[in-house]
Amino acid sequence: MTFLFYIFAALALIGGIGVVVNRNPVSAAFAMIVSFLGLAALFIQLDAYLVGVLQILVYAGAIMVLFIFIIMLLDVQAEERRKLPLFSALGAGGVAVAFAALLLVILTRSEVGTASIPALEAIEGPGTSDVHRIGELLFSQYWFPIQVVGILLLVATIGVVVLSKKELK
Amino acid sequence: METAITLNHFLFVSGLLFAIGLAGVLVRRNLIIIFMCLELMLAAANLTLVAFSRFNLQDGQPDYEGHVLLFFIITVAAAEVAVGLAIIVALFRSKGTTDVTKVDTMKH
């Protein structure tokens, strides 16, 4: 399964780079979908089936459709070719490269993350799937946060309606 | 024999994806693309959560509390995208552009 990890990690990273370098917003959005699909495959490799499916449904499905809808609604043109201000380009690239280098140094020196994936205990029967476990946690231990999230979604819906009105009074 | 996949592999992919998103936020000028790069950073952080939950076994199973946290993050991200895009549309309506260099009224 090692090569699958590299394939999907490469997919996620190449998609991410595609988002940053594509001049055309629609191409960038599609690169983002590729990145999210790779990420979802990594989730599934980590035995997080529900989360992987949610990633595809919510991120690659709903959120990216919303993005593409807005891009087409506003008729955003591709950014014209321009000279990048040297200072800001160097700064941005430098910050990102420094972040990645720091991460590499920390990860190669730490002892914590050198274990390979531990095997799961095989269990059978009803109520053992991850969907069941997560649902059980959500509606017992996390009953209050899920109410709060429900209210948050309601507030977001109302907020979007108010923001989209032609004239604010 | 290839080396086995370790926690570090996942953390590094996640960190690289986060760095790519960060570079995108800093380099790009289009507000929608910047917003997409923000989502990319959020999704990269999700990978860290899932990896830690998988490597921290509870009774031989992944730590499902991490998955619950991820569920909440995805929900909040969806709400954030809806509101953010509405703000971008409102901005486009008043300024006629989504270029952040042209939205600089507060600078003058």
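Each value in this text was obtained by applying a stated rule to the coordinates, not by laboratory testing. These numbers were taken from a predicted model, which means no experiment stands behind them. With ideal geometry, Cβ positions are generated from the backbone for all residues, glycine too; neighbour counts draw on all protein chains shown.
Does A:Met32 satisfy the criteria of being part of a helix (DSSP H, G or I), out of contact with any Leu (no Cβ under 9 Å at 6 or more places or on another chain) and either without any contact (Cβ under 8 Å) to a residue 60 or more places away in the chain or under 27 Å from B:Ile87 (Cα atoms) (or both)? Step through it out loud before you land on a result.
Working: part of a helix (DSSP H, G or I): yes; out of contact with any Leu (no Cβ under 9 Å at 6 or more places or on another chain): no; either without any contact (Cβ under 8 Å) to a residue 60 or more places away in the chain or under 27 Å from B:Ile87 (Cα atoms) (or both): yes.
It is false that A:Met32 is part of a helix (DSSP H, G or I), out of contact with any Leu (no Cβ under 9 Å at 6 or more places or on another chain) and either without any contact (Cβ under 8 Å) to a residue 60 or more places away in the chain or under 27 Å from B:Ile87 (Cα atoms) (or both).
Name the single residue that is nearest to the other protein chains (Cβ to nearest Cβ) among those in the range B:1-54 being of a type in the set (Ser, Thr, Tyr) and within 15 Å of B:Gly66 (Cβ to Cβ).
Residues of the range B:1-54 of a type in the set (Ser, Thr, Tyr): B:3, B:6, B:14, B:48, B:53.
Going one step further and asking which of them are within 15 Å of B:Gly66 (Cβ to Cβ), we end up with B:14, B:48, B:53.
Numbers: B:Ser14: 9, B:Thr48: 11, B:Ser53: 7 Å.
Restricting to residues being of a type in the set (Ser, Thr, Tyr) and within 15 Å of B:Gly66 (Cβ to Cβ), the top hit is B:Ser53.
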